[in-house]
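K.L.:
Structure below; questions to follow.
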Amino acid sequence: MSMKQLDTLYRFETDKEQKAAQQLQAAQLDYQQNIQRLESVGEYRLEYMKRLSGRSVDGIDSATFSHFHAFIAKLDHAAEQVKIAMKQAKALAEQQKQLWLIQKQKVRAVELLRTNAMKKMAIVASRKEQKMFDEMSTQQYVRRHLSSF
């Protein structure tokens with residue numbers, strides 16, 4: 001593979017790695033947001049329970065109690081929905097991490113190919129240069145040797 005092809009492949013794989021990293025970052029952000037949502041629902045539920053407890057000390061009618069109880073049930077349901085979303089977001093984040101790691105390996109492999117190709121090119125160039133110096137040295141020797149006759 002030529003160096004130009006390796007450079008093109010390197011740019012292509014690097015772009016894919018950057019996109020994979022962005023997708024991983026977005027998935028991790030979504031997961032963190034779901035954690036915050038769950039904490040918020042839990043805090044709001046706790047606050048609402050405190051209100052119920054405070055109002056029940058003074059006595060509340062059954063309709064108000066039913067309203068509080070129904071709302072707490074809705075908060076519990078919302079928390080369960082957020083937990084499901086959180087599990088899905090975590091699974092997606094793990095999947096994106098694996099895809100990013102695979103892509104990162106591909107980039108490293110192409111970097112290694114490029115490095116090896118550059119080393120081979122340097123060796124070839126060095127051999128050509130050495131051959132040229134050897135030819136020049138041989139020509140100088142022959143000239144000196146012939147001129148001494």
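Just so it is clear, none of the values below were taken in a lab; they were calculated from the coordinates. Treat the numbers as computed from the prediction; the structure is a model and nothing was measured. Cβ: placed from backbone, ideal geometry, glycine included. Neighbour counts: every protein chain shown.
K.L.:
Pairs only if they're at least six apart or on different chains, beta carbon under 8 angstrom, first in the stretch 29-57 and under 22 Å from residue 91 (Cα atoms), second part of a helix (DSSP H, G or I) and charged (D, E, K, R); list them, first residue then second.
P.N.:
Correct list of pairs: 31/90; 38/83.
K.L.:
For residue 88, state whether it is surrounded by 13 or more Cβ atoms within 10 Å (Cβ to Cβ) and touching a residue at least 40 places away in the same chain (Cβ under 8 Å). Walk me through how you get there before you give the answer.
P.N.:
Values: surrounded by 13 or more Cβ atoms within 10 Å (Cβ to Cβ): yes; touching a residue at least 40 places away in the same chain (Cβ under 8 Å): no.
No, not satisfied.
K.L.:
Exactly one of these conditions fails for residue 100: (1) more than 30 Å from residue 8 (Cβ to Cβ); (2) surrounded by 10 or more Cβ atoms within 10 Å (Cβ to Cβ). Give me its number.
P.N.:
(1)
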